[in-house]
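The values are calculated or read from the model by the stated rules, or taken from the named source; none is laboratory data. Please read all numbers here as calculations on a predicted model, not as lab measurements. Here Cβ is always computed from backbone atoms with ideal geometry, including for glycine, and neighbour counts include all displayed protein chains. In case anyone asks, the SASA skips ligands and DNA or RNA and just uses the protein heavy atoms, side chains included. Shrake-Rupley method; radii C 1.70, N 1.55, O 1.52, S 1.80 Å.
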Amino acid sequence: MRYKYSDYMHWAKTRSRARFNLATSGVGPFPLAELPALPPMEINGDNSYGYQPLKQAIARKHGVDPDCVVTAAGTSMANYLAFATLLDAGDEVLIEHPTYGLLVDALQYVGADVKRFARREEEGYAIDVDAVRRAITPRTRLIVVTNLHNPSSVLTAEETLRGLGDLGPRVLVDEVYLDAVYQSTPRTAFHLGPQFVITNSLTKVYGVSGLRCGWVLAQPDLAQAMWRLNDLFAATPVHPGELLSVAVFANLDAVRERFRRIVEADRRVLREFLDRETAVSAVKTDFGTTCFLRLLRGGVDDFLASLRERQETSAVPGRFFEMPDHFRIGMGVHSEMFAEGLRRLSLHLRDDVQ
Ligand SMILES: Cc1ncc(COP(=O)(O)O)c(C=O)c1O
């Protein structure tokens with residue numbers, strides 16, 4: 001069955017918000033007024049296959065050739081463009097479980113035969129390269145992972161990614177959360193070999209989702225094929241968005257630092273919460289903007305419905321990650337809201353789970 005919608009995205013857009021919103025995934029919104037200098041605006045520009053200054057800024061950030069860069073409307077479109085270019089209907093794809101649901105939705109939409117490999121909570125959601133090897137068949141065309149892992153924020157080491165790259169099929173790594181490793185930020189897996197295809201954007205860690213500044217990193221011939229396929233979709237990018245994205249790249253470190261303080265403060269509160277609470281468990285990470293919690297007793301959907309009703313607090317149900325005993329909470333938006341949301345979650349765990 002080919003679904004033409006995403007239940008998760010619809011829920012996120014219409015039902016996720018609450019006064020104490022823990023149902024976020026990235027940092028809060030970066031205000032335009034805080035950019036030190038605005039570029040001269042123009043409506044149209046020379047961007048048939050992407051605006052060169054933006055491609056150069058992305059290429060510089062990652063230490064790659066601009067010919068390897070394909071710009072796209074967010075990581076969402078970057079993923080779709082990569083899948084649609086790499087895959088034909090019926091091609092087998094191996095993707096981690098749990099994962100960001102839209103990846104599975106997009107793969108199914110392009111007609112891929114989607115197979116899974118487990119990232120187990122009891123193993124800290126680590127990728128088991130041997131398990132992936134065992135799951136590969138002669139029909140496997142692509143392996144798909146997120147790094148940092150959504151929903152858990154677990155970081156996969158370069159050595160493990162290299163191991164995936166040695167298995168044969170191409171490897172797509174969605175790195176939209178990777179820059180939320182604030183110290184010794186790992187380089188992109190693109191450098192691990194020509195079989196790697198990377199997707200990313202300025203959405204989750206930089207707070208400029210409205211610019212839809214996403215991109216794919218791929219070998220030049222593949223990048224060219226993606227630009228050609230994009231002629232059927234977006235044709236050309238939105239030029240004012242490109243100009244503003246270049247301005248954000250010129251201040252990238254400062255924009256990231258602005259949210260780092262919030263993410264780090266939130267993580268300290270989260271640590272105390274996880275150390276204290278016995279009704280939930282989670283893999284604790286030092287990085288990232290999300291945490292995936294297991295509710296040890298009772299049903300998550302009912303729990304979250306009453307959490308919203310009685311405590312005005314929201315979180316993302318684990319069913320959207322095919323893990324119905326779990327729920328995901330997000331950091332990096334507003335520290336007082338986060339602390340109060342967790343306080344209310346604690347109260348509700350006490351009231352609800354007895
Ligand atoms: C792993 C992953 N990839 C992509 C996206 C979409 O990113 P963007 O807003 O850049 O389209 C998300 C959003 O939650 C995500 O979690």
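Only lysines eight or more places from Lys204 in sequence, or on another chain, were considered; those with a Cα closer than 23 Å are Lys13, Lys55, Lys61, Lys284. Using Cβ point charges alone (K and R +1, D and E -1), the dipole size of the range 99-241 about the Cα centre works out to roughly 300 debye. Projected label points at His97 and Ser281, each 7 Å from Cα along the beta carbon direction, are separated by 2.0 nanometres.
Summing charges over all other residues whose Cβ lies under 12 Å from the Cβ of Thr71, with Lys and Arg as +1 and Asp and Glu as -1, gives +1. In percent, rounded to a whole number, the relative contact order of the range 28-171 is 18, using alpha-carbon pairs under 8 Å and six or more apart.
Annotation: the antiparallel percentage among DSSP beta bridges lying fully within the chain is about 50.
Just check the chain against the gyration tensor rule for me: Cα atoms, a ≥ b ≥ c as the square roots of the eigenvalues, rounded for a/c under 1.5, and otherwise prolate or oblate depending on whether a/b exceeds b/c. In terms of gyration-tensor shape, oblate. Work through the residues other than Arg267 whose Cβ is under 13 Å from its Cβ and net out their charges, Lys, Arg +1 and Asp, Glu -1. Cβ neighbours under 13 Å give a net charge of 0. For the chain, the fraction of 1.4 Å probe accessible surface lying on carbon and sulfur atoms is 49 percent.
Accessible surface computed residue by residue for the chain, with neighbouring protein chains in place and a 1.4 Å probe, gives 44 Å² per residue. Calculated mean residue ellipticity at 222 nm for the chain: -11500 deg cm²/dmol, from DSSP H runs with n ≥ 4 weighted as -39500 (n - 2.57), summed, divided by the residue count and rounded to 500.
Would you please classify the overall shape of the range 140-255 from the alpha carbon gyration tensor, given that a ≥ b ≥ c denote the square roots of the eigenvalues, rounded means a/c under 1.5, and beyond that prolate means a/b larger than b/c while oblate covers the rest? Oblate is the answer for the range 140-255, as a/c is 1.5 or above yet b/c matches or exceeds a/b.
The order of the peptides 107-120, 236-249 by mean Cβ neighbours within 10 Å, most packed first, is 236-249, 107-120. Once a ≥ b ≥ c are taken as the square roots of the eigenvalues of the Cα gyration tensor of the range 225-347, is the result rounded (a/c under 1.5), prolate (a/b larger than b/c) or oblate (a/b not larger than b/c)? Prolate is the answer for the range 225-347, as a/c is 1.5 or above and a/b outweighs b/c. Annotation note: trypsin sites (Lys or Arg not before Pro) in the range 1-39 located in DSSP loop regions with a Cβ neighbour count of at most 15 within 10 Å are Arg2, Lys4, Arg15, Arg17, Arg19.
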